[in-house]
Amino acid sequence: TEVVGDTKYEYAIVIYEGYTEFYSFDNLQDAINKAIETNGKVVFINNITIDKTITISASVVIDGNGFTITYTGSDRAIDVPANENAKVNVTLKDLTVDCTASYCQRGINYNDDGALTLNNVTVKGTNVTYALNLPGYSDNCVVTITDSSFTGNIALNVWGANSTITADNSVFTSVDNTTAEGYVAISLNNDGAGNAATGSVVTING
């Protein structure tokens, strides 16, 4: 954290290699929007606590730099909605999303047909419904997971069809406190009404 006068700079936006411009933001959402606008990336320089969903609407790189987002809300901690105009390619690395403070519907919700890259990412919570969720609009997406860990009622929940999910040296843990729900570590879904993860392939190495 850099302090100049009365201003505390909480996030760094890397505009291009070798040059970093600092901004003061009221929240992480502003920092992500600025990174998208400048074709830069967000680099954390401290831990943060949020209670509202962070929305990623376009391609971006977020470098947690070893720090933690503590999410105290009850919806999605990080949400990537479907973008009809362009693929949303998102890279998250060296980041922990801690949802243990409260009930959370989704840790990371990726609902687009682009590429999601997770490197050294942890999503944890004993009361997270889906730690990593790939809903219906994630058809044909490519998800690459490396050295990461996901803990929730369902750790990896897949609805998107014809998706490719590859996980290397990663851990998926189901915390099922209500066995009637049939929670599992990894779920490829089919509701019998045309919504299904048909053709999607999950490959786990290590």
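Just so you know, all these numbers are worked out from the coordinates, no wet-lab data involved. Computed from a predicted model, the values in this text were never measured in an experiment. Note: ideal-geometry Cβ built from the backbone for every residue, glycine included; neighbour counts use all protein chains shown.
Sorting 31-40, 139-148 by their mean Cβ neighbour count within 10 Å, with the most densely packed peptide first, gives 139-148, 31-40.
Taking ASN127, ASN46, ASN89 as the candidate residues, the one with maximal mean-square fluctuation in a Gaussian network model of the chain, Cα springs under 10 Å, is ASN46. Label-to-label distance, ASP51 versus THR198, with points set 7 angstrom from Cα along the beta-carbon direction: 4.4 nm. When only Cα pairs below 8 angstrom with a gap of at least 6 residues are kept, the range 142-189 shows a relative contact order of 47 percent.
Against the chain, whose longest principal axis comes from its Cα atoms, helix 28-38 is set at around 80 degrees. Relative to the current alpha-carbon distance between VAL142 and ASP176, full extension at 0.36 nm per residue lengthens the span by 9.5 nm. Normalised by 2.2 N^0.38 Å, where N is the number of residues, the alpha-carbon radius of gyration of the range 28-182 equals 0.96. Taking the chain as a whole, the Cys residues whose C-beta sits 4.7 Å or farther from every other Cys C-beta are CYS141. Taking each of LYS34/LYS93; LYS41/LYS124; LYS34/LYS124 in turn, the alpha-carbon distance tops 22 angstrom for LYS41/LYS124; LYS34/LYS124.
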